[in-house]
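Participant: One structure is given below, represented as structure tokens, and several questions about it will come after.
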Amino acid sequence: MEAPIRAREILGFTLLSLLFFVCRSSPSHNLLISNAERRIDLSSHIVKVYLTLKVENAGSTPTSEILLAFPPTQVDHLATVEALVTKGKRKKTTIVHLDVKPTELPDAPNETKYFTIYLANPLNSGESTTLEVLYLFTHSLEPFPAEIGQSESQLVFYRDSALILSPYHIKQQTTFLKAPSTKVESFTRVEPTNRAGTEMKYGPYEDRPSYSFSPILIHFENNSPFPVVEELVREVEISHWGNLQVTEQYTLVHGGARHKGVFSRVDYQSRPSLNGVSSLRYLLARLPPRVHSVYYRDEIGNISSSHLRTDSRKSELEIEPRYPLFGGWKATFLIGYGLPLQDFLFESSDDRRYLNFTFGCPLLDTVVDKLTVKVVLPEGSKDPSAVVPFPVEQHFETKYSYLDVVGRTVVVMEKKNLVPVHNSHFQVYYTFKPMFMLAEPLMLTTAFFLFFVACVAYLHIDLSIRK
Amino acid sequence: MAAPETSTAAVPTLHTNNTVRNAFGGVLSFFILLLIGVLAFSIRLFSVIKYESVIHEFDPYFNYRVTQFLTKKGIYDFWNWFDDRTWYPLGRVIGGTVYPGLTLTAGTIWWLLNSLNIPLSVETVCVFTAPIFSAFASWATYLLTKEVKGAGAGLTAAVLLAMVPSYISRSVAGSYDNEAVAIFALIFTFYLYIKTLNTGSLFYATLNSIAYFYMVCSWGGYTFIINLIPMHVLLCIVTGRYSSRLYIAYAPLVVLGTLLAALVPVVGFNAVMTSEHFASFLVFIIIHVVAFVYYIKGILSPKMFKVAVTLVVSVGLAVCCAVIAVLIALVASSPTKGWSGRSLSLLDPTYASKYIPIIASVSEHQPPTWPSYFMDINVLAFLVPAGIIACFLPLTDASSFVVLYIATSVYFSGVMVRLMLVLAPAACITSGIALSEAFDALTGSIKFQLPGVSTDAEVDAGETSSDTTEAQNDEVKAEKPEETSKDRRSKKSKKKEREHVERPSAKAKVKTKAEKKRLLALPLEASAVSLLLLIVLGAFYVVHCVWAAAEAYSAPSIVLTSRSRDGLHVFDDFREAYSWLRHNTDVDDKVASWWDYGYQTTAMANRTVIVDNNTWNNTHIATVGTAMSSPEKAAWEIFHSLDVKYVLVVFGGLVGYPSDDINKFLWMVRIGGGVFPHIKEPDYLRDGQYRIDSQATPTMLNCLMYKLSYYRFVETDGKAYDKVRRTEIGKKYFKLTHFEEVFTTHHWMVRIYKLKAPKNRIRGKTKKSKSKTSSSSSSKTSGTKKKNPWH
């Protein structure tokens, strides 16, 4: 166990020295970070990083852009980056969310990726501001050993740098890592390093130049299940008769250490605390209030193990997969529910209608690798457009449902690598004439009318050849 | 209604009055039929309401899977479908071995709905196919009985059939099996036969062949039709009822029907080559001879005819003897005498249990018990004799057919419990006739005895009250003018003549009827009481049917429920296991289980199975049976040679689910022993008793099935108490060396084991002598020997 870590460290240090070498050559910025504190929360399988930066403009020109740097391996797993500034003193603090956008820099060393934070007010020369940055990583805990038996607990690696990767000079920085339990097998020491209970403290490190990097590896126990939805298709169907039908198709996998060998039900049932501690027994879905006709099934029928709790503010659906999911086990299922339309459909000022609905996955604490949201607009609606608070891929489809003639427009939005933070609202605007609601009833009426006319005609016509 | 009323005012005669009444009766019976359809459909929805919209049991899963394939790939791929997911490594040609009627029907419905942009899933369509067709079946019953005894009997029979428990058991929503559409096809074919017989219309004869074709497509039970109709034709000829109508009803059916039947791949040349169809050809020859004789009789003088007869009979006898001798020789040369095993067991009820354990092992192939008659047809059993008597008053071609139908189906239902389904329509028809006649007689006498009605007005009043109180009674009369008008249209002069003979003109009829009624009238009190009793009987039947539909026959068998103090408890273990297999094993892994679970495994888990419910290859099933009855190592070798990766067993000992593999185990031994003689049934029995407790034989306690079922069972309660067998098991602590448990469901009802990989060869440790079982066993194990010489 020790040997690979050692090897990695050596590799890391060579990388570090390389980085130093490279960084020197890049032009320096006017900004510098006087104090940085980073807290990394490793308790669930979504790694949360809270970064507090005190940025100082040491140059002569005001600037409003601050760069965040990430190594390329981390960027692939980066789900979201948020930045905010607290303003005002004490009681009157207001939180201002800042724009964060991925940026390409031509001279990025070692394929470092950047995000730019746009400040609301430019930072004048000599001024400083404090930024709070939150970013989340998915799939960043690597199970080791990669395969475990039923009674073993799940150990994972987490890799990062003891020093914050930044294009700026950092005067002082500290990193705190919080493991879910006190069982930490090993962790890389970059002095000064302290461990207290579940928390490891790296730093404070003084005066590190830009692009400093010092790889660390932490090997610890994380027995929480890793629910990963590999693919989720949410279909929201608007019916102007008063119902909003939501259908969600899940492909769920336990993303933790793979299960190996025997699964013994007797052990699992009689000693639940020792056996299958990291298995996924149930999931909680938070649904909107006033939800009705909820169903939970898969391709072979209803799954009977679910409970729905509703109150006026929210509905909670507790679902159990057909079998407990061990690492690497998969399950597919379908959740569907109806919602009253007036809670989600509104009319905008320019006489258009818009649907206001949540984007992400209603399951708590899950990572969604690929999400497709389909909004099925009623037949006859025109000029659809979607407003989503983050970048998504969009296109349109046509769907034929009950007795449709021209088909319904479907707004399809796709996004990869989602975390619960993405559960924000999005809007789909469209125009719709209520006359179209009558199309199908009229069609049916006509069809029946013609049928009866045909019957009457048949009964009154003598078709015989001879009399 | 306005138009007829004005006409009544204009021409106030009895005739117009009758027209209005007939029109009213027609509308009323139309709505009654509509309600019967709704009743037939909705009484079968208990399973959806109490459980869920899901496919039931075993065979329906296969049909569902085939339908899915059909809707996905289209009809041509369906005919050419070679299924490699089953009977590994043999596979199965689905297109050529399946009765396609049901799947094509559901596929067509699905296609139709989808082309109308009604996006129902294939599963939904499959679930509701059976209830829809039972509504059709009750309408077909109405038509058939109406042909036999008039519309009143027709409506009664349709009501009875709509809720007869025997038919409900096979056609609840989700029971997506061949019988669901086949019963409709059966009744409809009979209806068209009777219709042709009554009208002599070639149009109906052609329709009849098409209906017969649909029946052949749907169910192997079509042989019942192709034997029953010839029997009836023969009966008619023997009793001197030969007519050209009979000829038209029969000859086109045989020619067209056989040609069409041969188009169905699963039947093919069987339609002319097997003994099941032989009777129809024999009668075909006979009817031609008879037709010829009648023709000759018509053109020759009586004297000349006598001479001709003696001449022909003497020559004909000689030829016949020769032909029959050749035929008998041909038939006798084939081992099963040209009959399939299932048909043979119909003729000789002991055949299956003697020779084919697979057929005997299926519970629905057992002879029924008396309670099951009461359960399945209930009060109809008592009404049937009355109906038969009613059929003889008077005996027509049609009613003789009904008598023959009920007689044969009673016999067949006595042989095989599954064929109770064929009895049910016959029982409904005869009971419908009986009830209708009884109501007719009773209400008639009540009307007659009512005080204060003058004799002249009596006839009219009697008729009106019969309209209102007893709609069915009215139908008998309502139907007549309607029929004649139709006949006028189709120009069947012969039929008209017959009608004139049977039914005198309206006035005379009314008069004679009144006379008759006066003679047959029962006392008022007696008829009122009997009427009441009949209604109570009917009510009892309805209550029983609803109970049977709700409680007895609506369980889908893949989901089990039990009521306990703390509410309903659901056992969904089968789907749990299948779902696990589906998502957590490799797509090409092979799963071995007893054949009962084959269809479900392929449909729900989408994994390849060794044997399934099709049971076409006895040896293959025997191989699996042998493996299950062998000790672990030998079983491992058999399974390994079959490329099996997982073994699935069903175990009910923890929760008390009685139809588990341990209870089926003796059949595995029997079927396995039938092919591989080293498996002997007595080895598994202690003093002729099948037991798994400490008294069990060592062979039993060491066989694979015992081990896989009870592996680590003792750790659940410490005593290893089996709730099904109600005993502690014999051997509690043992280890598995060649198998490992990979999944057990929540209530332990399904347990899945994985075959361990073969051990690495260790030099010098190879055993010289193989174990006794494998050396003495079959070619299967020697095949393994070739594959793994180091074992």
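Participant: Condition (residue is without any contact (Cβ under 8 Å) to a residue 24 or more places away in the chain, within 29 Å of B:Ile168 (Cα to Cα) and among the aliphatic types (A, V, I, L, M)) applied to segment B:580-588: is it met by at least one residue?
Facilitator: no
Participant: Please indicate, with yes or no, whether at least one residue in segment B:601-609 is under 23 Å from B:Val724 (Cβ atoms) and modelled with pLDDT of 90 or more.
Facilitator: Checking segment B:601-609: at least one residue is under 23 Å from B:Val724 (Cβ atoms) and modelled with pLDDT of 90 or more.
Participant: A further question on this structure: One residue is enough: does segment A:276-284 have a residue meeting the conditions in contact (Cβ under 8 Å) with a residue 12 or more places away in the chain and more than 24 Å from the chain's Cα centre (by Cα)? Spell out how you get there, then give the answer.
Facilitator: Step one: filter segment A:276-284 for residues in contact (Cβ under 8 Å) with a residue 12 or more places away in the chain, giving A:276-284.
Going one step further and asking which of them are more than 24 Å from the chain's Cα centre (by Cα), we end up with A:276-277.
Yes.
Participant: For B:Val570, only one of the following conditions fails: (1) under 26 Å from B:Lys735 (Cα atoms); (2) within 14 Å of chain A (Cβ to nearest Cβ). What is its number?
Facilitator: (1)
Participant: A further question follows. In segment B:68-95, which residues are more than 19 Å from B:Glu123 (Cα to Cα), in contact with a Phe, Trp or Tyr (Cβ under 8 Å, 6 or more places away or on another chain) and outside any loop (DSSP other than H, G, I, E, B)?
Facilitator: B:Asp77, B:Arg92, B:Val93, B:Ile94, B:Gly95
Participant: I would also like to ask the following. Any idea which of (1) at the interface with another protein chain (Cβ under 10 Å from one of its Cβ atoms); (2) modelled with pLDDT of 90 or more is the one B:Lys590 doesn't satisfy?
Facilitator: (1)
Participant: Looking only at residues in segment A:221-243 that are over 24 Å from the mean Cα position of the chain (by Cα) and not aliphatic (A, V, I, L, M), which one is surrounded by the most Cβ atoms within 10 Å (Cβ to Cβ)?
Facilitator: Per the stated criteria, the residue is A:His240.
Participant: For the structure I just gave you, tell me whether B:Ser53 is surrounded by 20 or more Cβ atoms within 10 Å (Cβ to Cβ) and either at pLDDT below 90 or closer than 30 Å to B:Cys545 by Cβ (or both).
Facilitator: In short, yes.
Participant: Another question, if that's okay. Quick check on B:Gly37: is it surrounded by fewer than 23 Cβ atoms within 10 Å (Cβ to Cβ), more than 14 Å from every other protein chain (Cβ to nearest Cβ) and without any contact (Cβ under 8 Å) to a residue 24 or more places away in the chain?
Facilitator: no
Participant: Then there's this: Among the residues that make up segment A:394-415, is at least one of them exposed (fewer than 10 other Cβ atoms within 10 Å of the Cβ) and modelled with pLDDT under 90?
Facilitator: No.
Participant: For segment B:599-635, give me the residue count where each residue is in a loop (DSSP other than H, G, I, E, B) and surrounded by 24 or more Cβ atoms within 10 Å (Cβ to Cβ).
Facilitator: Matching residues across segment B:599-635 total 4.
Participant: Among (1) crowded, with 16+ Cβ neighbours inside 10 Å; (2) assigned to a helix (DSSP H, G or I); (3) out of contact with any His (no Cβ under 7 Å at 6 or more places or on another chain); (4) among the hydrophobic types (A, V, I, L, M, F, W, C), there is one condition B:Leu235 misses while meeting the rest; what is its number?
Facilitator: The one condition B:Leu235 does not meet is (1).
Participant: Another question about this same structure. As an exercise: evaluate A:Tyr337 against (1) away from chain B (no Cβ under 14 Å); (2) outside any strand (DSSP E or B) and give the number of the one condition it does not meet.
Facilitator: Unmet for A:Tyr337, out of (1) away from chain B (no Cβ under 14 Å); (2) outside any strand (DSSP E or B): (2).
Participant: Would you check which residues across segment B:711-733 are crowded, with 17+ Cβ neighbours inside 10 Å and within 14 Å of chain A (Cβ to nearest Cβ) and list them?
Facilitator: Correct list: B:Tyr711, B:Arg712, B:Phe713, B:Val714, B:Ala720.
Participant: Could you identify the single residue in B:Phe82, B:Phe41 that is aromatic (Phe, Trp, Tyr), touching a helix residue (DSSP H, G or I) at 6+ places or on another chain (Cβ under 6 Å) and at pLDDT 90 or above?
Facilitator: Working: B:Phe82 fails: touching a helix residue (DSSP H, G or I) at 6+ places or on another chain (Cβ under 6 Å).
Only one candidate qualifies: B:Phe41.
Participant: Sticking with this structure for a sec: With the checklist (1) modelled with pLDDT of 85 or more; (2) within 14 Å of chain B (Cβ to nearest Cβ) in hand, flag the one item A:Leu450 doesn't pass.
Facilitator: (2)
Participant: For segment A:160-190, which positions are over 24 Å from A:Ser224 (Cα atoms), touching a strand residue (DSSP E or B) at 6+ places or on another chain (Cβ under 7 Å) and not in a strand (DSSP E or B)?
Facilitator: Result: A:Ala162, A:Leu163, A:Ile164, A:Leu165, A:Ser166, A:Pro167, A:Tyr168, A:Val190.
Participant: What's the total number of residues in segment A:340-385 that are assigned to a loop (DSSP other than H, G, I, E, B) and not acidic (Asp, Glu)?
Facilitator: So the count comes out to 14.
Participant: Next up: Residues of segment A:81-96 being under 20 Å from A:Val49 (Cβ atoms) and at pLDDT below 85, which ones?
Facilitator: At the first step, the residues of segment A:81-96 found to be under 20 Å from A:Val49 (Cβ atoms) are A:81-86, A:95.
A:Thr86, A:Ile95 - these are the residues of segment A:81-96 that are under 20 Å from A:Val49 (Cβ atoms) and at pLDDT below 85.
Participant: For a quick check of your reading of the model, give me the residue pairs whose first member lies in segment B:210-231 and is closer than 13 Å to B:Glu179 by Cα, whose second is part of a loop (DSSP other than H, G, I, E, B) and hydrophobic (A, V, I, L, M, F, W, C), with beta-carbon atoms closer than 8 Å and at least 6 apart or on different chains.
Facilitator: From residues that are closer than 13 Å to B:Glu179 by Cα, the pairs are B:Val216/B:Val264; B:Val216/B:Val267; B:Cys217/B:Val264.
Participant: Considering only residues that are of a type in the set (Val, Ile, Thr) and either in contact with a Phe, Trp or Tyr (Cβ under 8 Å, 6 or more places away or on another chain) or within 18 Å of B:Tyr99 (Cβ to Cβ) (or both), which ones fall in segment B:174-219?
Facilitator: B:Val181, B:Ile183, B:Ile187, B:Thr189, B:Ile194, B:Thr196, B:Ile210, B:Val216
Participant: Could you say whether any residue in segment B:137-147 is touching an Asp or Glu at 6+ places or on another chain (Cβ under 9 Å) and crowded, with 24+ Cβ neighbours inside 10 Å?
Facilitator: The answer is yes; a qualifying residue exists.
Participant: Could I ask something else about it? From the set of residues in segment A:416-464 that are of a type in the set (Phe, Trp, Tyr) and in contact (Cβ under 8 Å) with a residue 12 or more places away in the chain, which is surrounded by the most Cβ atoms within 10 Å (Cβ to Cβ)? Step through it out loud before you land on a result.
Facilitator: If we filter segment A:416-464 for residues that are of a type in the set (Phe, Trp, Tyr), which is where we start, we get A:426, A:429-430, A:432, A:436, A:448-449, A:451-452, A:458.
Going one step further and asking which of them are in contact (Cβ under 8 Å) with a residue 12 or more places away in the chain, we end up with A:426, A:429-430, A:432, A:436.
Details: A:Phe426: 22, A:Tyr429: 16, A:Tyr430: 20, A:Phe432: 20, A:Phe436: 14.
Per the stated criteria, the residue is A:Phe426.
Participant: Also, I was wondering about something else. Every residue in segment A:424-447 that is within 14 Å of chain B (Cβ to nearest Cβ) and closer than 30 Å to A:Val373 by Cα, please.
Facilitator: Residues satisfying the conditions are A:Ala439, A:Glu440.
The values are calculated or read from the model by the stated rules, or taken from the named source; none is laboratory data. Small disclaimer: the values here were computed from a predicted structure and weren't measured. Note that each Cβ is placed from the backbone with ideal geometry, even for glycine, and that neighbours are counted across all protein chains shown.
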